[in-house]
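Structure first, then comments.
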Amino acid sequence: MNRYVMCRPEHFDVVSTLNPWMDPSVPVFRSTAIEQWEQLVDLYEDLGHDVDLVQPGVGLPDMVFAANAGVAIDNRMMAAVMWSAERRPEEAHYRKHFDRSGFDEVFVPEHVNEGEGDFLFTGQVLLAGTGFRTDRRSHREAQRFFDIEVVTLQLIDPRWYHLDTALFSITPEVAVWYPGAFAPDSAAELRRRFPDGIEATEADALAFGLNSTADVRHVVMPASAGGLVMRVSDAGFAVHAIDLSELLKAGGSVKCCTLELNST
Ligand code: ARG
């Protein structure tokens, strides 16, 4: 059983262009976004996971992307410092929630970091993205706070602006990732660390297939990424595909909506 923090897209909208996927001229159907998001919550609960809901903040269109609110390992939470002025007001809502959630410690760091958008705990190391959002100096802050190995990965293509748009892991050994999103030395580091990993294609990454969650046996993936869904299930994992097309209009999908409370 995993523990997830999520936030209902009650105020979801696309009003700015924080990433290349966002186009405010494209209409957004909030009720569809809510229905799709509820299917994700139902799926997690059917899989036996525990979903903790954060109260959505009025006028915060991106608050549904809970992954960006922090990163937690073993009941210790490092809170996010958002990159954009638009999203900074989310911090207080999430921190208030974290303060009441019984963490052993909630650490508010100095440098910009967008939580599990750019930090991924594989069960062994903390992979840390930088390039568009999370300040590389926050990787050091995470390393000190969690006292674990942090691996800095350089993102180079604005379409994959967060690490979680370009990589997810199923087990500590199996990462699924798109090489074109990473600087050559970061891609080499990933190949060295994950010899049994799955390398996705550009089409998989464009369909947001890397924005997935997993619990060792079950993998929850965006239905839009049909090709990668097939490959991951052919690799022997139980894949659940879910349609989050409305949230994709803001540049987010399964993982973006899911803040995982990791444990070692
Ligand atoms: N519109 C949001 C932003 O640009 C999307 C965040 C997606 N979250 C994620 N974990 N990749 O900040």
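A short reminder: the numbers here are calculations on the coordinates, not readings from a lab. For clarity, every value in this text was computed on a predicted model and none was experimentally measured. All Cβ positions, even for glycine, are placed from backbone atoms using ideal geometry, and neighbour counts span all protein chains on display.
What residues have an amide H closer than 5 Å to that of A225, excluding those fewer than 5 places away on the same chain, when H is modeled at 1.01 Å from N in the peptide plane?
Amide H neighbours of A225: none.
To the nearest µm²/s, what D does Stokes-Einstein give for the chain at 4 °C and 1.567 mPa s, using the Kirkwood radius over alpha carbon pairs as Rh?
Details: Rh = 18.0 Å.
Estimated diffusion coefficient is 72 µm²/s.
Given the options V64, V41, W83, identify the residue whose Cα lies farthest towards the positive end of the charge dipole of the stretch 31-89 (+1 on Cβ of Lys, Arg; -1 on Cβ of Asp, Glu).
W83
Taking amide H positions as placed 1.01 Å from N in the peptide plane, with prolines and chain starts having none, which residues 5 or more places from I198, or on another chain, fall under 5 Å of its amide H?
Long-range HN contacts for I198: A175, V176, W177.
Kindly write out, for the stretch 97-109 in residue order, the coupling ³J(HN,Hα) from the Karplus curve 6.51 cos²θ - 1.76 cosθ + 1.60 (θ = phi - 60°), rounded to whole Hz, with x marking Gly and Pro.
5, 4, 4, 9, 9, x, 5, 5, 7, 10, 9, 9, x
Determine the dipole magnitude for the chain: charges of +1 sit on the beta-carbon of Lys and Arg, -1 on that of Asp and Glu, nothing else is charged, the reference point is the Cα centre, and the result goes in debye to the nearest 20.
Rounded to the nearest 20 debye, it is 440 debye.
Using +1 on the beta carbon of Lys and Arg, -1 on that of Asp and Glu, and nothing else charged, what's the dipole of the stretch 1-131 about the Cα centre, debye to 20?
260
Please identify, among P20, P179, P61, the residue showing maximal mean-square fluctuation in a Gaussian network model of the chain using a 10 angstrom Cα cutoff.
P20
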